[in-house]
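Notes follow once the structure below has been shown.
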Amino acid sequence: IDEAATHLEQALALDPVRWDVQHELAAAFSRAGNTKRARAVLEKNPIPDSPLTLVWQGVFAVQEGRVSEALLSFQRAVERNPGRWTLSHLGYTLARAGRIREARTVLEKLLSYPASEFDQAVVHAGLGETERTLALLEKAESERLPTLLWLKVDYRLRDLHDNPRFRELLHRLG
């Protein structure tokens, strides 16, 4: 991740208004656990109300324990783009906040999207449903879903890192 961040910083130095590079750099810092630097990158974003920016602001808020702020960011992101990625962040955070009925409503919405096993899995992880989470991740593996690329670094799956079945899945994925 450090090497990726270095290359992304170089790209931003060449073209400082590339919002897509800003998001990738913020993501790299976030996945490395450096929320402060990730937040600083997004503060320079020329599109502060984009769904991408709102989701990352929500992620940072979750990581800093500010769940109400995170929910607001995720809800705003879903209003602008009700896609799998935005819904999965909202569903996970609703579940972790104890708003189970609302999290299950989000799961129902995710069922209408093709290839949404990963996104469903993270909501189930928020609900504490480990077996269902792992079954969905294994289905995503069998379907070779590209979202599994983030399996090891997605904060929503950290509680599974000590699970032998999860570790075996990571091993199979390389």
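The values are calculated or read from the model by the stated rules, or taken from the named source; none is laboratory data. These numbers were taken from a predicted model, which means no experiment stands behind them. So basically every Cβ, Gly included, is an ideal-geometry build from the backbone, and we count neighbours across all protein chains shown. Note: accessible area is taken over every heavy atom of the protein model, side chains too, but ligands, DNA and RNA are not part of it. Shrake-Rupley method; radii C 1.70, N 1.55, O 1.52, S 1.80 Å.
Within the same chain, lysines fewer than 8 places from residue 36 are excluded, and of the rest, those with a Cα less than 22 Å from its Cα are 44, 152. Surface exposure of segment 100-161, expressed per residue as accessible area with a 1.4 Å probe, stands at 52 Å². A simple charge model with +1 on the Cβ of Lys and Arg, -1 on the Cβ of Asp and Glu and nothing else charged puts the dipole of the chain at about 340 debye relative to its Cα centre. Relative contact order, whole percent, for the chain stands at 12, derived from Cα pairs under 8 Å and 6 or more residues apart. For segment 158-165, the Karplus equation 6.51 cos²θ - 1.76 cosθ + 1.60, evaluated at θ = phi - 60°, returns couplings of 4, 5, 8, 4, 8, 6, x, 5 Hz by residue, with Gly and Pro reported as x.
In whole percent, and with a 1.4 Å probe on the protein chains, what portion of the accessible area of the chain is carbon and sulfur?
Details: 4890 of 9250 Å².
Within the chain, the accessible surface is 53 percent carbon and sulfur.
For the chain, what does the helix formula give at 222 nm: sum of -39500 (n - 2.57) over DSSP H segments with n ≥ 4, over the residue count, nearest 500 deg cm²/dmol? List each step's numbers first, then the result.
Details: 10 runs with 119 residues, N = 174.
Result for the chain, helices only: -21000 deg cm²/dmol.
For the chain, taking the reciprocal of the average inverse distance between every pair of different Cα atoms yields a Kirkwood hydrodynamic radius of 16.5 Å. Computed from backbone phi with θ = phi - 60° and the Karplus coefficients 6.51, -1.76 and 1.60, the 3J(HN,Hα) list for segment 125-140 is 4, x, 7, x, 9, 4, 4, 5, 4, 5, 4, 5, 5, 5, 5, 4 Hz; x is used for glycine and proline.
Seen against the Cα atoms of the chain and their longest principal axis, helix 2-14 is set at about 40 degrees. From the square roots a ≥ b ≥ c of the eigenvalues of the alpha-carbon gyration tensor of segment 97-145, which class results: rounded (a/c under 1.5), prolate (a/b over b/c), or oblate? In terms of gyration-tensor shape, oblate.
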